[in-house]
Amino acid sequence: MRRSARALERYGPDFRYRHYAAVRRLPVAVGGTAAVGALFAAAQVPPARRWLSDRLEPGKGPSAEKRARSWFSVRFVGEGGGRRVCTEVSGGDPGYDETAKMFAESALALALDDLPETAGQVTTAVAMGDALTGRLRAAGIRFRVAASR
């Protein structure tokens with residue numbers, strides 16, 4: 001985000017970025033943090049790491065039915081010039097289906113779209129920006145303004 005903001009004038013000179021994770025109940029936050037910590041600690045011990053690695057065989061993932069029930073939603077809140085705008089990006093299964101769409105549409109945008117001239121290592125927003133957003137919308141990923149005031 002910060003690198004894109006430095007490269008694109010439309011972010012403006014006062015752009016700042018922070019991110020947070022939100023959960024509805026404190027026990028979920030505490031339990032999630034404890035579970036991630038325990039998993040990280042277990043992965044440092046070779047026998048536990050092998051046991052964890054054996055839980056899923058390579059090439060085996062969630063079934064099509066499970067992926068069809070999966071979804072993601074990410075909310076962005078922007079404030080500036082006395083206004084506050086909330087936007088949301090959402091779609092289906094983020095682990096397989098939507099990730100594949102994002103990669104494929106990025107490749108198509110790079111190969112086929114009229115993109116700005118860039119050089120070196122640039123961010124997705126700088127390289128493909130609005131062209132990629134349009135492609136992702138057409139592929140079924142939703143972008144919407146949730147609230148504005």
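The values are calculated or read from the model by the stated rules, or taken from the named source; none is laboratory data. Predicted, not measured: the structure shown is a model, and the values here were computed from it. No Cβ is skipped: glycine too gets one built from the backbone with ideal geometry, and neighbour counts run over all protein chains shown. All accessible areas refer to the heavy atoms of the entire protein, side chains included, with ligands and DNA or RNA removed. Shrake-Rupley method; radii C 1.70, N 1.55, O 1.52, S 1.80 Å.
So, in region 52-97, how many residues would count as being among the aliphatic types (A, V, I, L, M), closer than 24 Å to Val23 by Cα and open to solvent by 50 Å² or more (accessible area, probe 1.4 Å)? So that I can check it myself, show each step before the final result.
Step one: filter region 52-97 for residues among the aliphatic types (A, V, I, L, M), giving 52, 56, 64, 68, 74, 77, 85, 89.
If we keep only those that are closer than 24 Å to Val23 by Cα too, we end up with 68, 74, 77, 85, 89.
Narrowing further to those that are open to solvent by 50 Å² or more (accessible area, probe 1.4 Å): 68, 74, 77.
So the count comes out to 3.
So which residues in region 103-115 are out of contact with any Ser or Thr (no Cβ under 9 Å at 6 or more places or on another chain) and outside any loop (DSSP other than H, G, I, E, B)?
Here is the first cut: in region 103-115, the ones out of contact with any Ser or Thr (no Cβ under 9 Å at 6 or more places or on another chain) are 103-105, 107-115.
Within region 103-115, Phe103, Ala104, Glu105, Ala107, Leu108, Ala109, Leu110, Ala111, Leu112 meet the criteria.
Filter region 78-96 for residues that are out of contact with any Ser or Thr (no Cβ under 8 Å at 6 or more places or on another chain) and either touching a residue at least 12 places away in the same chain (Cβ under 8 Å) or under 24 Å from Leu132 (Cβ atoms) (or both) and give the result.
Gly80, Thr87, Gly91, Tyr96
Would it be correct to say that Ala100 is surrounded by 12 or more Cβ atoms within 10 Å (Cβ to Cβ), within 25 Å of Ala139 (Cα to Cα), modelled with pLDDT of 90 or more and within 15 Å of the chain's Cα centre (by Cα)?
Here the answer is yes, as Ala100 does meet what is asked.
Considering only region 116-135, how many residues are of a type outside the set (Gly, Ala, Ser) and not in a helix (DSSP H, G or I)? Full working, then the answer.
Filtering region 116-135 down to residues of a type outside the set (Gly, Ala, Ser) leaves 116-118, 121-124, 126, 128, 130, 132-133, 135.
Restricting the remaining residues to those that are not in a helix (DSSP H, G or I) gives 116-118, 121-123, 128.
Within region 116-135, residues that are of a type outside the set (Gly, Ala, Ser) and not in a helix (DSSP H, G or I) number 7.
Could you please give the count of residues in region 16-51 that are open to solvent by less than 70 Å² (accessible area, probe 1.4 Å) and not in a helix (DSSP H, G or I)?
2
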